[in-house]
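Engineer: Quick one: the structure is below, and I'll ask about it shortly.
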Amino acid sequence: MAGRAGSLVAAVLEHSGQLDKEHLGAHVGRLSRRVEELKEEVWTMMNSKYSEFLPSVQNREDLVAEVEGLCMDIDLLKAAIENEVQQDLNVAVTEFTELKQQLERDSVVLSVLKKLQEFDTAVKEFSTALLEERYMRAAQRLEKARSSLRNVESHRGFELRIPKALRKELTVQEQSIIYQLGKEWQKLIVWKLPHSKGSSSLEAVVLSELHLHAVPPQGEDTAVPAVAAVLQALAVMGELHYKLKDFGQLLMEYILKPLISYPSLEPVTEEQPDVFILRFRSQEPALDEFSPIKVFDKIKLIFEVLHKYLLNVPLEEPGKGGKDGRVTLAELLGELIWEELSNCLIHSCLVHSLPTSSSQLEQYKEVIESTKEFEKALKEMQFLKQDKTALLKYACNVNFHFANKKCQDLIKAARKLMTSEIHNTVKITPDSSAALPELPAPWSGDHPKTHGPSNLLDSGTVNLGSESSLSQSTLSLPTCRISSSVQQLMELAYNTMEEAKTSTKFCCLQLCNCVRDIFHVFCEVVPKYHRENLQKLPQLAAIHYNNCMYIVHHLLTLGHQFRYLTGAVLSDCGGTFVDMVPDFRKLGMECFLAQMQVQKRGVLDRLWSARNFSNMDDDENYRAANKSIKQVLHQLRGLGTVWQDVLPVHVYCKAMGTLLNTALAEIVTRITALEDISAEGADRLYSLCKIMVDEGPQVFTPLLEEDKNKKYQEEVPVYVQKWMTFRELMIILRANLQEIVDRWADGKGPLAEQFSAAEVKSLIRALFQNTERRAAALAKIK
């Protein structure tokens with residue numbers, strides 16, 4: 001209301017500014033009356049609200065008074081409870097706790113007494129059953145007694161002496177039934193073994209017998225109930241596992257393993273009224289030793305007999321077997337010996353039956369089918385679990401095992417060739433009659449026809465089509481000698497590649513990789529195995545060089561010849577063998593160059609004794625130089641002899657030319673370094689040089705036919721770089737100053753082609769005295 005009055009006043013004041021002075025008084029009066037009216041309205045409204053609020057306040061004050069009264073009553077009641085009821089309650093709780101503890105002790109004692117009673121009853125029933133030879137009942141009651149005793153011993157807080165005595169009694173009873181069951185087991189299964197126990201030789205196995213007294217009555221196929229009771233009792237007592245383990249070991253040693261290892265061994269069965277006898281006899285060994293089909297039949301016969309007379313007994317073993325924890329004796333025995341038996345079948349039978357060639361892989365399907373039937377039969381007899389397929393997996397994976405075995409045999413054979421003697425050689429010539437496989441036309445997709453493996457190695461005519469062909473010596477290996485073992489090694493590689501053509505993709509890949517591995521092994525084995533001989537014997541070094549070049553020659557075309565193999569296969573195994581060519585070239589070159597260095601050192605060492613060819617007018621010095629020259633020639637002639645008909649002609653000539661050049665270069669260097677050469681010394685130097693010129697070419701004898709070697713002896717300047725230099729030196733030793741100047745011919749003559757101006761001047765100063773003519777000659781040498 002006050003707000004409304006304020007707003008009205010504000011409106012009046014605002015409006016009053018517009019009124020005339022004469023009306024101001026009238027308006028003020030009206031406003032005053034209006035304000036009084038508003039005051040009366042406000043007061044009336046306030047009285048009305050207060051009259052409504054006052055009864056509510058009064059009610060609330062009454063409720064507060066009642067609450068205060070209740071609180072006082074509560075406080076009084078609480079004080080009474082704390083002072084009187086709490087004491088009685090504490091006493092009651094204490095009494096209840098004591099009674100509860102007493103009840104628990106009494107319950108435990110009652111439970112222990114009850115278990116002791118059960119133990120006593122079980123032991124008595126056990127003794128009765130054991131006397132009546134009811135072994136299953138006896139074993140069950142003994143197990144009940146054991147359970148009761150364990151329950152008694154599980155209670156803590158009781159110092160009872162009786163459990164110890166009961167434990168001793170239980171142990172005595174356990175040993176008693178185990179002894180009785182052991183005797184029954186020995187009656188069931190009787191082994192008659194030779195005196196040399198532990199021997200599994202053929203003679204010992206033939207003398208071994210197995211007697212089973214668990215023969216079922218006539219017309220029944222399962223073991224008699226007494227047998228089942230004995231076996232079940234053994235299972236309950238926990239002894240069956242040990243009995244079966246011992247039985248399984250004897251079964252493996254004297255029956256199963258011998259049947260696998262000795263193909264001539266045959267099982268013989270004999271059934272009598274109360275016993276079944278299993279013995280063996282040895283027959284003449286068949287040609288197809290280690291036939292898996294025959295071995296599987298023999299093993300299956302053994303298990304059929306055991307299953308019929310012994311193993312087909314259901315046992316109750318909680319936590320094992322199929323439904324209701326029932327398991328047969330065959331399953332338990334299978335778990336104990338199957339792993340050893342399967343390994344023996346694989347490593348002593350299936351491994352030996354693997355095909356030796358790709359053509360035999362198809363015939364191996366019979367072995368796979370026989371393996372499948374064998375495992376199926378064992379599973380039907382419950383000897384083998386359904387998920388056990390080790391034999392079948394091995395047999396079905398024949399491609400893998402064949403490839404591995406083949407590769408191992410190949411590597412073994414290759415290594416044997418690599419470690420054989422190098423000096424046993426064969427001669428390789430370009431005009432060999434055997435030919436490489438015919439290569440198809442580039443547009444032809446047909447596979448080339450190949451000759452026999454022995455025709456794959458020697459170089460010959462390569463037919464490129466009907467219109468053109470290369471000559472006999474094109475791309476052929478030059479005449480040389482190689483180790484026969486290396487030729488056989490290449491035959492092995494070609495035969496392997498030929499076999500890869502008819503193999504499966506996996507085998508093809510493995511065989512191709514194996515060929516590459518053979519060459520890798522060569523690079524590792526040969527240099528290390530023959531290291532000493534290769535270093536000491538120059539002929540072996542030359543043969544090794546030829547061997548490497550021979551392998552390189554075939555590696556260049558080996559991949560191309562078999563390019564029609566599956567593209568993916570060749571890609572996986574490297575595609576071609578060209579990538580290995582540098583390694584073999586390096587291998588051969590390093591060995592031969594190392595031998596060349598040895599021969600070079602030998603030449604230089606012999607020339608070292610020539611006393612630098614100085615003072616040749618001294619007879620002793622001349623004899624020493626002459627001896628060193630003859631030793632060098634003797635070394636070269638001997639080396640030429642051992643390399644004769646071994647190295648290719650061009651390699652032979654280059655090698656001998658290099659060594660002769662080393663000798664000539666050393667002689668030239670020594671003579672040109674002399675500061676003074678007398679006339680007699682020059683004549684003697686000339687005679688020494690003439691020996692080298694006359695006899696040096698005779699070391700070039702690459703061929704056995706002497707008349708054919710003249711061609712290469714006449715071409716000595718081609719192979720000996722310093723030959724013409726040496727001839728010019730001989731001319732200088734006999735020439736006068738004018739002849740020397742004429743041969744120099746202002747730096748354009750033959751002398752200038754072999755010697756530098758400084759070398760010629762040095763020779764002139766050493767040969768001629770210091771005169772005007774010498775000075776004039778020296779002036780012209782520039």
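The values are calculated or read from the model by the stated rules, or taken from the named source; none is laboratory data. Note that the structure is predicted; figures quoted are calculated from it, not measured. Using ideal geometry, Cβ is built from the backbone for each residue, glycine included, and neighbour counts are taken over all protein chains shown. The accessibility values were calculated without ligands, DNA or RNA, using every heavy atom of the protein model including side chains. Shrake-Rupley method; radii C 1.70, N 1.55, O 1.52, S 1.80 Å.
Engineer: Expected output is a single nm value to one decimal: the length gained when fully extending between residue 147 and residue 104, i.e. 0.36 nm times separation in residues minus the C-alpha distance. What is it?
Structural biologist: Answer, rounded to one decimal: 13.3 nm.
Engineer: How large, in percent, is the carbon and sulfur part of the accessible surface of region 585-724 at a probe radius of 1.4 Å?
Structural biologist: 49 percent
Engineer: Follow-up question, since we're still on this one. With r defined as the distance between the Cβ atoms of residue 379 and residue 356 and R0 fixed at 35 Å, what FRET efficiency is calculated, to the nearest 0.05?
Structural biologist: According to the calculation, E is roughly 0.65.
Engineer: Related question: Tell me, what is the FRET efficiency for residue 611 and residue 770 to the nearest 0.05, using R0 = 30 angstrom and their Cβ-Cβ distance as r?
Structural biologist: E(calc), rounded to 0.05, equals 0.70.
Engineer: Looking at region 692-726, which GluC sites (Glu not before Pro) are DSSP coil and have at most 14 other C-beta atoms within 10 Å of their C-beta?
Structural biologist: Those satisfying the criteria are 705, 715.
Engineer: Would you work out if region 555-714 is rounded, prolate or oblate? Take a ≥ b ≥ c from the square roots of the eigenvalues of the alpha-carbon gyration tensor; rounded if a/c is under 1.5, else prolate when a/b is larger than b/c, oblate otherwise.
Structural biologist: Prolate, because a/c is 1.5 or more and a/b exceeds b/c.
Engineer: Solvent-accessible area of residue 734, probe 1.4 Å, all protein chains present, reported in Å² to the nearest ten, please.
Structural biologist: 140 Å²
Engineer: How much FRET efficiency would the formula 1/(1 + (r/R0)^6) give for residue 523 and residue 739, where r is the Cβ-Cβ distance and R0 is 56 Å, rounded to 0.05?
Structural biologist: 0.45
Engineer: Something else: Between residue 704 and residue 343, what is the label-point separation in nm under the 7 Å Cα-to-beta-carbon projection?
Structural biologist: With each label point 7 Å from Cα toward Cβ, the separation is 5.9 nm.
Engineer: Under the 0.36 nm per residue contour assumption, what length would be gained going from the current alpha-carbon distance of residue 44 and residue 658 to full extension?
Structural biologist: Contour length minus Cα-Cα distance gives 206.5 nm.
Engineer: Would you mind getting the accessible area per residue of region 579-678, heavy atoms of the protein chains only, 1.4 Å probe, in Å²?
Structural biologist: On a per-residue basis, region 579-678 sits at 45 Å².
Engineer: Moving to a separate point now. Compute the Cα gyration tensor for region 574-656, then decide on rounded, prolate or oblate, letting a ≥ b ≥ c be the square roots of its eigenvalues: rounded whenever a/c is under 1.5, prolate when a/b is larger than b/c in the other cases, and oblate in all that remain.
Structural biologist: It is prolate, given that a/c is not under 1.5 and a/b is the larger ratio.
Engineer: Would you mind classifying region 73-143 by shape? Square roots of the alpha carbon gyration tensor eigenvalues, ordered a ≥ b ≥ c; an a/c under 1.5 is rounded, otherwise it is prolate if a/b is larger than b/c and oblate if not.
Structural biologist: In terms of gyration-tensor shape, prolate.
Engineer: Further question: Below 21 Å, Cα to Cα, which lysines can residue 630 reach? Residues fewer than 8 away in the same chain don't count.
Structural biologist: 600, 690, 722
Engineer: Next question. Would you give the gap between the C-alpha center of region 621-700 and the C-alpha center of region 224-263, rounded to a whole Å?
Structural biologist: 89 Å
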